[in-house]
1. Only residues that are assigned to a loop (DSSP other than H, G, I, E, B), under 14 Å from the mean Cα position of the chain (by Cα) and surrounded by 14 or more Cβ atoms within 10 Å (Cβ to Cβ): list them for the stretch 1-23, please.
2. If you take the residues in the stretch 43-65 that are surrounded by 14 or more Cβ atoms within 10 Å (Cβ to Cβ) and of a type in the set (Val, Ile, Thr), which one is nearest to Tyr22 (Cα to Cα)?
3. What tally of residues in the stretch 24-75 results from selecting those that are modelled with pLDDT of 90 or more and outside any loop (DSSP other than H, G, I, E, B)?
4. Are any residues in the stretch 24-55 acidic (Asp, Glu) and within 10 Å of the chain's Cα centre (by Cα), and if so, which ones?
Amino acid sequence: MSASCSRPACQRSPAATLTYDYASRVATVDHLAPSHPMQYDLCVEHTERLSVPNGWSLVDRRIGNVVDLHGQLAS
């Protein structure tokens, strides 16, 4: 877990951890996890504003939902 949000110039405390699976085109938000070079800790604001590239899925394990790029629950 990092001391501040991974976004440049953001000094807020981290609230969630973001990881990417490039092969599956999935971005995953999870509860804050210990630091790892392949993970990004984000504050509440940056986690809530997170978007993924076209064709990617966003999985939020904190709430158990898979979200498409428009923020709709996937079926």
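The values are calculated or read from the model by the stated rules, or taken from the named source; none is laboratory data. The structure presented is a predicted model; accordingly, all values stated were derived computationally and were not measured. Cβ atoms come from the backbone with ideal geometry, glycine included; neighbour counts cover every protein chain shown.
1. Residues satisfying the conditions are Cys5, Ser6, Arg7, Pro14, Ala15.
2. It comes out as Val52.
3. 19
4. Of everything in the stretch 24-55, those that are acidic (Asp, Glu) and within 10 Å of the chain's Cα centre (by Cα) turn out to be Asp30, Asp41, Glu48.
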